[in-house]
Every structure is written in C-alpha cells, then in structure tokens.
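To keep things clear, I will list the structure first and then write my remarks on it.
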Amino acid sequence: MADENNPNGGNGGGSGKNGKVGLVERVSTGVKEDIQALKTDIPTKAKEQIEGLKDPTKTQVYTSIFRHKHDDTPRNRALGVLSNVFLHLHPAKINRDAVRYSYTWGMGGITFYLFIILTYTGVLLMFYYHPSKVQAFRDVLYLEHDVPFGKILRNMHRWAAHLMVIGVWLHMFRVFLTGSYKKPREFNWNIGVLLLVFTLLLSFTGYLLPDDQLGFWAVTVGTNMARATPLLGHEGPFGSMLGMTPYNDVRFGLLGGSIVDANALLRSYIWHCIGIPIVASILMIVHFWRVRKDGGISGPAPVMLEAEADKPRRGPKAAGE
Ligand code: HEM
C-alpha cells in the first residue's frame, strides 16, 4: 500500500500522475547533469593522461613497477627499501652509531665483498684451468704469460683470498672486542666460527690447485696432520682400535688415496669450487639474516646520565643485554 505521507508515493516516486512527471523530470535532469559532468571531465582526464605520458613516473608501466611515490618522506624512504627485492635485504632503518666504521671497522662487509670478488674471479679462472696433473701447472703458466689480463685475474683471486682470511680474523676480533658475541647473538657467533673454518678451508684447498712445489708440500703437511685425528686417523687416539689404517682413514678420504697425487688434486678442486663455496654461501645467508633478527648490528652502549644509570631500561636494546 502507498504511503500517504510520502509525496512521491509508496514505490519510490512512481505512483500517480504527479509522481510520473516527477520521475521523468528527475531522470532528464540527472542525464543533463551527467552529460554536463562528462563535458568537463573528459577534457580534464584526457589532459591528465597526456600530461601523464609526458611524465614517465605517471605512466601505467612505471606505476605498475614502483608502487609508491618518490617523495622524500620517512614513510616513502622505508617503502622504497621494503618494496624492492634487492634493497629489502637491508633494514629500512638502522642505528646510526652501529654502522660507524669506527665501531664495525666495516670488516664483515669487506669480508663479504672479497668473497664476491673471489667467486667472480674464480669462475673466470675456471675457463682456463684443468684439475689434472698434466694440465694444472701448465694452465697457471698459460694464465700468467699468455692469457690477456690472465696475470691480473689470477693475482686478484690470490690477493682477495689473502685479504679475506685477514678480514675474517679482524671481523671476529672486533666482534669480540665489542662484546657482540653475548646474548642474543651467541648463535650468530657460532655461525661465524663455522664461516671462519670454511674460509680457511677455501684457502687450504686452493693452495694445491696450481700443482706447484709450494702447494704440494703445504697439502702434504696439512693432510699428514689428519693422520692424528682422534678416532678417524690411523695414528690418532683410538684410531687403531677402530680399525683405521693409512688406506681407510680420514686422510685417505681427503686425498682420495694414500699420497698427494691426481685424486687429491681433483678432490681439492671440487671442494674448492663447489662444495665449500655452497656451504659458505648458505652460512653467510643465515649469518646476515641473524644480524637482522638479533636486532641489527649491536651498536655502542647508549650514553646515559649518571642519574639514569640505575633505572631499569626499556625497549628492544634492554632485552638484548
Ligand atoms: C665469511 C666470513 C664472515 C662474513 C662475510 C661476515 C659478515 C658479517 C657482517 C656483514 C656483519 C654485520 C656487521 C659488521 O660488518 O661488522 C657481521 C656481524 C657479525 N658477525 Fe660476521 N662475518 C663472517 C665471519 C664471522 C666470524 C668468524 C665471527 C665470529 C666467530 C662472526 C660473528 C659475527 C657476529 C656475532 C656479528 C654480529 C655483530 C654485531 O651485532 O655487532 N662473523 N658479520
């Protein structure tokens, strides 16, 4: 039933003669208004789109890749880091004091960059090197004397290796001096110890590869030490009790035989170029991830007034101590 109080009738303005007229009038006014709006909107939108084409940051291609504006606000800077696959590996915000060179010595970062240089130059060296007794030393001579930029390539690899060993020790020393091995970073310290071992193993396995006298004797001495490994070496404690002989102990496994020869060269090569770099890379990923998860680089202790020193501290730093 129609509502008598409603001047438009009970079904939304459609009943009765006056109601019909009202509807027609309103529809035609609405249509006129829409046409009027389109007349002004279309040129404005077209103008905007043409302007947009002139400004590359307004094109659909650009906005589909970069999802936020480039204004220099703290929010946009954080978004810039978080929405980029490479940059998001870094934290959006860091403690300024924690990244001072005077605090970190930059040694963790330098060690990592040396590892990148080693990987890059190492892959290039693989194009020229064969891990066989006949070829290995010849390839080194070929690189030194005939390959264009071969000498610099080989020496970049050697020097980066020496520097990485020095860098990793200095990094460990700094972490020790700043007490950054303490709670909550104990686990990352242990990952670091493994990284140190793998860095040294990379150096050691690389030593044999030129197949020169230096490498041969270094590896002879190094692997002879493995004879004395507890349980696994034939001269080590309990080794003979477990049936270890020069032909089945850990040294035999490392060399692929009982003397430093062709098998040892091949095994060194595979450990050096594949096995150890893969494990070290995975450990580095865990190491960096943990630096983030442990609250970022530790940072120097905040300066406090003497009056504040006794008060209990609040915030994430307090939990980390
Ligand atoms: C391949 C070897 C290594 C690489 C590439 C590496 C890289 C890094 C980097 C980039 C950082 C950030 C802070 C900084 O640069 O000082 C860091 C922090 C740290 N590293 Fe290493 N690291 C390595 C080996 C080690 C070793 C040998 C240890 C200790 C045994 C260690 C323990 C730590 C700890 C505890 C932190 C956190 C320090 C803090 O929060 O102040 N790392 N590492």
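The values are calculated or read from the model by the stated rules, or taken from the named source; none is laboratory data. Keep in mind that what you see is a predicted model, and the values were worked out from it rather than measured. We place every Cβ from the backbone using ideal geometry, glycine too, and count neighbours over all the protein chains shown. With ligands, DNA and RNA removed, areas are computed over all heavy atoms of the protein, side chains included. Shrake-Rupley method; radii C 1.70, N 1.55, O 1.52, S 1.80 Å.
Observations
- Acute angle (nearest 10 degrees) that the helix 213-225 long axis makes with the longest principal axis of the chain, alpha-carbon atoms: 90
- Calculated from the alpha-carbon coordinates, the chain shows an Rg and a Dmax of 35.3, 115 Å respectively.
- Restraint check, LYS93/LYS183; LYS54/LYS93; LYS32/LYS54; LYS45/LYS69; LYS182/LYS311, Cα-Cα greater than 27 Å: LYS54/LYS93; LYS32/LYS54
- Loop trypsin sites (Lys or Arg not before Pro), the stretch 172-271 (other Cβ atoms within 10 Å of the site Cβ: 14 or fewer; DSSP): LYS182
- Average accessible area per residue (Å²) across the chain - probe 1.4 Å, nucleic acids and ligands excluded: 71
- Here is how the number arises for the chain: DSSP H runs of 4 or more residues each give -39500 (n - 2.57), the sum is divided by the residue count, and the result at 222 nm is -19000 deg cm²/dmol.
- The chymotrypsin sites (Phe, Trp or Tyr not before Pro) of the stretch 227-305 that DSSP puts in a loop, and whose beta carbon has at most 12 other beta carbons within 10 Å, are PHE238, TYR247.
- Of the accessible area of the stretch 35-184, computed with a 1.4 Å probe over protein heavy atoms only, carbon and sulfur atoms account for 67 percent.
- Those chymotrypsin sites (Phe, Trp or Tyr not before Pro) in the stretch 93-183 that DSSP places in a loop and that have at most 11 other beta carbons within 10 Å: PHE127, PHE149
- C-alpha center-to-center spacing [the stretch 262-277, the stretch 235-259] in angstrom: 19
- C-alpha long axis of helix 107-126 to longest principal axis of the chain, angle in °: 70
- Cα-Cα P(r), the stretch 46-116, percent of pairs per 5 Å interval: 3, 13, 13, 17, 14, 12, 9, 7, 5, 4, 2, 0
- Cα gyration tensor, the stretch 99-173 - rounded (a/c under 1.5), prolate or oblate: prolate
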